[in-house]
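Structure record follows, encoded as structure tokens.
Coordinate-derived values only; no laboratory data. No experiment lies behind these values; they were computed from the predicted model shown. Neighbour counts are summed over all protein chains in view; Cβ atoms, including those assigned to glycine, are modelled from backbone coordinates with ideal geometry.
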Amino acid sequence: MTMVVLQVVLLLCAGSSLATDSCSPNVNIYIHKISLNLSKRRMKASKRHTLLTFKFFLITYFILLYISYQSIRLFTAKKVAFSAGLLESGTGHTGPINTPKTLVYKKVFSNIGGAYDPNTGVFTAPVKGAYYLRFYGHSHGGPNMAVSLLKNGKTQCSVFAWKPTSNGNASNGVVLTLETGDQISTQLWQNTWVFDDPASYTSFGGFLIFPL
């Protein structure tokens, strides 16, 4: 539209020399105003482009910073894993007795992070996180075999074999969200038993999947 107006003005001014003399200063002023207007628009566009570029850079920077933080956090997170068999040596049954009994796994295969206590049979979560826990129970024919996994004294899951005629085997596992200091153990039910020997048929283990 601006160019059309400019062309009309130029045509009118070209109609006569008198008109040209009188219009030339006005045309020059008008052209100057248009040039200033275009310059201002270019400056605004340049500033807008610079602002968008800065915002993009800032967003990218914070995304990379967050990714780096999470990577460092996971890399430096405490490593936790343990596995243990019931009997450190020998062969035999544990139980049956007339009260529930915490099973103490003496044959430690691994205890990365030192969170499992082979003197009490208790695993204590050193950090808040998602943990995988698993346990196995075995018995010969006779009484029932039943073991539960406990979190802070409360049953989470269990295994059970009803008076096996020869051998009874069962296993169970669960993913739990644990707070720092939460305690995990396994408990033999009253009037039941489990068997173990150097093959470690009855065992307990777990590991930290990731911290929270």
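Test of the criteria: in region 130-212, which chymotrypsin sites (Phe, Trp or Tyr not before Pro) are in a DSSP loop and have at most 14 other Cβ atoms within 10 angstrom of their Cβ?
Trp162
Please list 3J(HN,Hα) in residue order for region 200-212, calculated via the Karplus relation 6.51 cos²θ - 1.76 cosθ + 1.60 where θ = phi - 60°; whole Hz, with x for glycine and proline.
Karplus-based 3J(HN,Hα) across region 200-212 equals 6, 5, 9, 8, 8, x, x, 7, 7, 6, 6, x, 10 Hz.
Against the globular-protein guess of 2.2 N^0.38 Å, express the Cα radius of gyration of region 50-200 as a ratio, rounded to two decimals.
Taking the Cα Rg and dividing by 2.2 N^0.38 Å, one obtains 1.48.
Can you work out the PRE-style zone for Trp162? Point 7 Å along Cα to Cβ, and I want the residues of region 110-151 with backbone N under 16 Å.
Answer for this model: 142-147.
With the crude spin-label approximation of a point 7 Å out along Cα→Cβ, what separation in nm comes out for Lys33 versus Tyr66?
My value for the distance between the label points is 5.0 nm.
Which whole-Hz couplings ³J(HN,Hα) result when phi for each residue of region 31-42 is put into the Karplus expression 6.51 cos²θ - 1.76 cosθ + 1.60, θ = phi - 60°, listed in order with x for Gly and Pro?
Values per residue, Gly and Pro as x: 5, 5, 5, 4, 4, 4, 4, 5, 5, 5, 5, 5 Hz.
Using modelled backbone amide H atoms (1.01 Å from N, in-plane), which distant-in-sequence or interchain residues come within less than 5 Å of Leu103's amide H?
Thr186, Gln187, Leu188
Quote the relative contact order of region 81-211 in percent (integer), defining contacts as alpha-carbon pairs under 8 Å separated by 6+ residues.
39
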